Amino acid sequence: MDNPIRHPNLNGKLILVAEDELAIAVDYYFELKRTGAKAVGFSATNEAALYYLADHEVDGAIVDYMLREGTGDALIHYLHEHNIPFVVVSGFIFDMRRRVLAPQILEKPVAGTDVLRALSQAIDAPCLEASP
């Protein structure tokens, strides 16, 4: 079982959770809390996530690619532009790896611990440059 020692770089971090499925968002909340991170800005849409980011700083993000109003492309673009580490999670990854510039794309269903492991790696990795 993972513990806070496994992901020490998440301790104290503020993590945006963009997920339209409440049960999954709650799972991320508890997994993040267990590592010492704080889940913030729960958003089910690009608009809500971008609105939150306009007034709040975050250290990383977990992004469901298929949000309530469509793809998370606008949010992903914002995260790239602002060098915010993130991971993308989706049940629809067919062909995504060629179209979506993300440090890691994880396929649902995926355990919250695996999402945090990927986020921890993204935080430790150098930021990707935004595509033109």
(message) If I go through region 76-92 residue by residue, how many of them are part of a strand (DSSP E or B) and of a type in the set (Ser, Thr, Tyr)?
(response) 1
(request) Test Asn83 against the criterion of being surrounded by 14 or more Cβ atoms within 10 Å (Cβ to Cβ) and at pLDDT 90 or above, and give yes or no. (result) no
(request) Could you grab me the full set of residues in region 16-72 that are of a type in the set (Ser, Thr, Tyr) and within 17 Å of Val88 (Cα to Cα)? (result) Tyr28, Tyr29, Ser43, Thr45, Tyr65, Thr71
(request) Could you list all residues from region 29-68 that are touching a residue at least 40 places away in the same chain (Cβ under 8 Å), closer than 14 Å to Leu119 by Cα and under 12 Å from the mean Cα position of the chain (by Cα)? (result) Leu32, Val58, Asp59, Gly60, Ala61, Ile62, Val63, Asp64
(message) Looking only at region 107-124, how many residues end up being among the acidic types (Asp, Glu) and closer than 17 Å to Arg34 by Cβ?
(response) 1
(request) Considering (1) over 17 Å from Asp114 (Cα atoms); (2) under 14 Å from the mean Cα position of the chain (by Cα); (3) part of a helix (DSSP H, G or I); (4) among the acidic types (Asp, Glu), say which one Asp20 fails and leave the rest. (result) (3)
(request) Say whether the condition of being in a helix (DSSP H, G or I) and either polar (S, T, N, Q) or in contact with a helix residue (DSSP H, G or I) (Cβ under 9 Å, 6 or more places away or on another chain) (or both) is met by at least one residue in region 56-72. (result) no
(message) Every residue in region 32-50 that is over 21 Å from Ile76 (Cβ atoms) and crowded, with 17+ Cβ neighbours inside 10 Å, please.
(response) Arg34, Thr35
(request) Being touching a Lys or Arg at 6+ places or on another chain (Cβ under 7 Å) and among the aliphatic types (A, V, I, L, M) is the filter here, so list the residues in region 40-76 that pass it. (result) Ala44
(request) Scan region 110-121 and give yes if some residue there is in contact with a strand residue (DSSP E or B) (Cβ under 9 Å, 6 or more places away or on another chain), farther than 15 Å from Leu14 by Cβ and at pLDDT 95 or above, otherwise no. (result) no
(request) Determine whether region 57-75 contains at least one residue that is among the basic types (Lys, Arg), surrounded by fewer than 17 Cβ atoms within 10 Å (Cβ to Cβ) and either closer than 19 Å to Asn11 by Cβ or modelled with pLDDT of 95 or more (or both). (result) no
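The values are calculated or read from the model by the stated rules, or taken from the named source; none is laboratory data. These numbers come from a predicted model, not from an experiment. Note: ideal-geometry Cβ built from the backbone for every residue, glycine included; neighbour counts use all protein chains shown.
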